[in-house]
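The values are calculated or read from the model by the stated rules, or taken from the named source; none is laboratory data. Here the structure is a predicted model, which means the values were calculated and not measured. Counting neighbours? That spans all protein chains shown, and the Cβs are built from the backbone with ideal geometry, glycine included.
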């Protein structure tokens, strides 16, 4: 958990990690958001997924040897329930104003979008980074098994999208997502960052990354987040 400077009450922003597990990259994004004046929480969405209901991102891997195996095996409704529990926790923290936004990175971005589609009114806005959104036909196979609908008509909160231009899998699905949200008359603001790759928030913060578009997208996204989170909590 990252705290803003000062002693005033502050809104809370949940920062959901990528499919790999909770990493320093996600914590870095949370640090940047805390510096904007918010309390930032990075839930470990792998916590408790061990065989005895134990373990976390430091200790667990799936059957294929990757933490991502564990993450993608969790049903969507369970992921949404876990997010809901974190939202409730965030809203009842000391020095919390009770206002909450969600920033999701890659897998976390898709999870945040699907949480919005549960019809929740417990968050003010969702910020989804570089993962596929609705409709269900655009989703990966591990997310559509048993899923016949992606109920965008239930969405009650603004969704802001952040996408890299070269992220083919996500960009290919974007017109369908935009169409589904428009047809349901839901607020959706996708921005595509020129030349940026998938996971540009992580890559752009890495000095060894060779694509300058990633660093540019990271900085532009942080600037956009600062403005839009402020507007979200001002409503």
Next on the checklist: Which of the numbered conditions does residue 219 fail, given that it passes all the others? Conditions: (1) in a helix (DSSP H, G or I); (2) touching a helix residue (DSSP H, G or I) at 6+ places or on another chain (Cβ under 8 Å); (3) surrounded by 22 or more Cβ atoms within 10 Å (Cβ to Cβ).
Outcome noted: (3)
Item to check | Selection within the range 51-76 - surrounded by 18 or more Cβ atoms within 10 Å (Cβ to Cβ), at pLDDT below 85 and assigned to a helix (DSSP H, G or I) | outcome: 67, 70, 71
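Quick check on residue 56: is it touching a strand residue (DSSP E or B) at 6+ places or on another chain (Cβ under 9 Å), more than 21 Å from residue 120 (Cα to Cα) and touching a residue at least 12 places away in the same chain (Cβ under 8 Å)? Break it down stepwise before answering.
Numbers: touching a strand residue (DSSP E or B) at 6+ places or on another chain (Cβ under 9 Å): no; more than 21 Å from residue 120 (Cα to Cα): yes; touching a residue at least 12 places away in the same chain (Cβ under 8 Å): yes.
In short, no.
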Checklist entry - Residues in the range 30-37: is at least one in contact with a strand residue (DSSP E or B) (Cβ under 8 Å, 6 or more places away or on another chain), in a helix (DSSP H, G or I), at pLDDT 95 or above and surrounded by fewer than 16 Cβ atoms within 10 Å (Cβ to Cβ)? => result yes
Checklist entry - If you check residue 182 against the conditions, is it within 28 Å of residue 118 (Cα to Cα), within 18 Å of the chain's Cα centre (by Cα) and part of a helix (DSSP H, G or I)? => result no
Next on the checklist: Among the residues of the range 8-28, what is the count of those that are at pLDDT 95 or above, farther than 17 Å from residue 66 by Cβ and part of a loop (DSSP other than H, G, I, E, B)?
Outcome noted: 0
Item to check | Residues (within 16 Å of residue 189 (Cβ to Cβ), assigned to a strand (DSSP E or B) and either out of contact with any helix residue (DSSP H, G or I) (no Cβ under 6 Å at 6 or more places or on another chain) or modelled with pLDDT under 95 (or both)) located in the range 88-128 | outcome: 103, 127
Checklist entry - Considering the range 77-106 alone, what residues qualify as being more than 18 Å from residue 11 (Cβ to Cβ) and buried (at least 23 other Cβ atoms within 10 Å of the Cβ)? => result 105, 106
Item to check | Qualifying residue in the range 188-207 (condition: under 25 Å from residue 75 (Cα atoms), surrounded by 17 or more Cβ atoms within 10 Å (Cβ to Cβ), at pLDDT below 95 and touching a helix residue (DSSP H, G or I) at 6+ places or on another chain (Cβ under 8 Å)) | outcome: no
Checklist outcome for this item: residue 227 fails exactly one of (1) assigned to a helix (DSSP H, G or I); (2) touching a residue at least 40 places away in the same chain (Cβ under 8 Å), namely (2)
